[in-house]
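What follows is a set of notes on a single structure, which appears directly below.
Please treat every number below as a calculation from the coordinates, not as lab data. Because the structure is predicted, anything quoted here is derived from the model rather than measured. Positions of Cβ are generated from backbone atoms using ideal geometry, with glycine treated the same way; all protein chains shown enter the neighbour counts.
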Protein chains: 2
Amino acid sequence: MAKTTKVGEVRLIPITLADEIVPGASIADKLVEALRRSRQRLRPGDILVVKHKIVSKAEGRLVDLATIKPSAESTAWAEQYKLDARVIELALQESRSVLRRKNGVLITETHHGFLCANSGIDVSNVDGGKTALLLPEDPDRSAANIRRALKKKTGILVPVIITDSFGRPWREGLTEFAIGIAGMKPLRDDRGRSDSHGYTLKASVEAVADELASAAGLVCGKLNRAPACIVRGFLYDPGPGTVHNLLRPAATDLFR
Amino acid sequence: MAKTTKVGEVRLIPITLADEIVPGASIADKLVEALRRSRQRLRPGDILVVKHKIVSKAEGRLVDLATIKPSAESTAWAEQYKLDARVIELALQESRSVLRRKNGVLITETHHGFLCANSGIDVSNVDGGKTALLLPEDPDRSAANIRRALKKKTGILVPVIITDSFGRPWREGLTEFAIGIAGMKPLRDDRGRSDSHGYTLKASVEAVADELASAAGLVCGKLNRAPACIVRGFLYDPGPGTVHNLLRPAATDLFR
């Protein structure tokens, strides 16, 4: 498969897994196997983007909902909106604060600092609703682990981004966001560089890690069994990066 | 340039313009010329994504700031934060309401219904700060016009998305958002479809137009003079679509 990437062009290459990820599985092994099957391979300059679900599963972040005892408050609120009170209770346990609880929507700040619905807990396609899937405990660490394992297996060191789909204030629909990063800077800061007119660009800090996550959302999906993709051709800023660079401190946030 | 796109793979192909867009220019003509120069061409199934700036310029959405007389309130607030009072005044004129005015940041709801800083007005690289660039008056119509002109010129009918870079609550950095759409549905609704387990997917309405905008942000930029790109290989839902499908009504928005 000698395929070249034209300068300036970016390719989004989905990675389709043959089977389910189970607790204890090596994500790096599964991805490298999947690439080999489709006669692709990781190349220097690539970025790997992975949906968090397979990472959470591999890390055993599963909770048997039968073990969760909801409070009276969670039960009352869940009943009002026909929700599973155990999921609400678990979402509260996984949060450091509640941002909004209204109209059946619970927006929390997770222990990591993510602002999202139900602390990012997923129950839709795990075990028919008996088991909840939590976000990875430390998604930056998860990304670094996958990066290291891929290097060991392929000799190639690539940035890794872990994503989840979140709703947004003001806009309808979900998009993918970066929740863990290793090996690249999540923000591209063009301030001080000149544009094609010779003017110095003003406030142009671009959240490239979130743009990479969104781009990956176009080719990754539940329906096509592609929980990861390679982004090829994007000139990232190497260097240490953490998802915390993307999280606006509460003190400077006008919308909390 | 016989280059194939592997099934499932998406390509982001930047379109680099040779010269500046001036009021009255045909965006479709300029893009087709640019593609021809780089020995590319539009193909059925492609999506065209265009940054709004060249659209606004072509549509003559330029305002001489010398003609703007700021109110005493705008002047006082601008002085406090070392801003241009005329830009603040113009942003207020371009808005239907003010969401936040704090710490030198002005977040408005534009006449179109977009929630963004300074009503999306841009002064950074136009004419050394003497001229402001407004958003297109009706970006859906702008997108439809470009789509129609491209069809006339190339025989190929493609969806067109117009974008702008907005900040987000809770997250640092800007990303590209869709502000005008023609020829595709901006939301992909997977509710009711089955995933690979046979479970019915729950809330999975994906804002694909915003994900396409973000993906385009990876290859379009001021520094490389590429204000547009082709997205090739993405299976969009054809049919009528408007950016208003992406705008959450104030009544159901928990963050206004």
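The region of chain A that goes longest without hitting one of the GluC sites (Glu not before Pro) in a DSSP loop, each with at most 13 other Cβ atoms within 10 Å, is A:138-256. The charge dipole of chain B, taken about its Cα centre with unit charges on the Cβ of Lys, Arg, Asp and Glu (plus for the first two, minus for the last two), comes to roughly 840 debye.
A point 7 Å from Cα along Cα→Cβ stands in for B:THR67, and the other copies hold the same point at 6.8 nm, listed in rising order. Projecting 7 Å from Cα along the Cα-to-Cβ direction, the label point of A:PRO240 sits 5.5 nm from its equivalents in the other copies, listed shortest first. Here the relative contact order of segment A:63-132, from alpha carbon pairs under 8 Å that lie six or more residues apart, stands at 27 percent.
With neighbours defined as other Cβ atoms within 10 Å of a residue's Cβ, the residues B:SER74, A:SER26 order from fewest to most as A:SER26, B:SER74.
Considering chain B as a Gaussian network with a 10 Å cut-off on Cα pairs, which listed residue, B:ALA213, B:ALA72, B:ALA25, attains the greatest mean-square fluctuation? Comparing B:ALA213, B:ALA72, B:ALA25 in the GNM, the peak value goes to B:ALA72.
Relative contact order of chain A, taken over Cα pairs closer than 8 Å and 6 or more residues apart, is 26 percent. Counting neighbouring beta carbons within 10 Å and listing from fewest to most, the residues A:THR154, B:THR175 come out as A:THR154, B:THR175. Between A:SER97 and B:ARG36, the FRET efficiency from the beta-carbon distance, with R0 = 56 Å, is close to 0.50. Within straight-line reach of B:LYS30, meaning a Cα separation under 18 Å, sit the following lysines at least 8 residues removed in sequence or on another chain: B:LYS51, B:LYS53, B:LYS57, B:LYS151, B:LYS152, B:LYS153, B:LYS222.
For the pair A:THR154 and B:THR252, a Förster radius of 51 Å applied to the C-beta separation gives a FRET efficiency near 0.65, rounded to the nearest 0.05.
Take each residue of peptide A:174-180, count the partner chain Cβ atoms within 10 Å of its Cβ, and average: the result is 4. When +1 charges are put on Lys and Arg Cβ atoms and -1 charges on Asp and Glu Cβ atoms, the dipole computed for the protein assembly as shown relative to its Cα centre reaches about 1620 debye. For chain A, rounded, prolate or oblate, judged on the Cα gyration tensor with a ≥ b ≥ c (square roots of eigenvalues), a/c < 1.5 rounded, else prolate if a/b > b/c? Oblate is the answer for chain A, as a/c is 1.5 or above yet b/c matches or exceeds a/b. Largest mean-square fluctuation among A:LYS185, A:LYS152, A:LYS82, in a Gaussian network model of chain A whose springs join Cα atoms under 10 Å apart, belongs to A:LYS82. When segment B:35-74 is described by a simple charge dipole with +1 on each Lys and Arg Cβ and -1 on each Asp and Glu Cβ, the residue from B:ILE47, B:ALA72, B:ALA58 located farthest towards its positive end is B:ILE47.
From least to most packed, judged by other beta carbons within 10 angstrom and beginning with the fewest, A:HIS244, A:HIS112 follow the order A:HIS244, A:HIS112. Amide H to amide H distances under 5 Å link B:LEU247 with A:GLU172, where only residues 5 or more positions off or on other chains count and H is placed in the peptide plane. Charged side chains reduced to their Cβ positions (Lys and Arg at +1, Asp and Glu at -1) give segment A:80-167 a dipole of some 260 debye around its Cα centre. For A:THR154, the distances from its label point to the matching points in the remaining copies are 3.1 nm, ordered from shortest, with each point set 7 Å beyond Cα toward Cβ.
Remark: spin-label model distance A:ASP19-A:ASP84 equals 2.5 nm, labels positioned 7 Å along the Cα→Cβ axis. Normalised by residue count, segment A:63-132 yields a Cα convex hull volume of 84 Å³ per residue. I want the antiparallel fraction of DSSP beta bridges within chain A, as a percent rounded to 5. Here the share of antiparallel DSSP bridges comes out near 90 percent. Rounded to two decimals, the Cα radius of gyration of the protein assembly as shown over 2.2 N^0.38 Å is 0.97. Each part gets one Cα centre, and for segment A:217-256 versus segment B:95-147 those centres are 26 Å apart.
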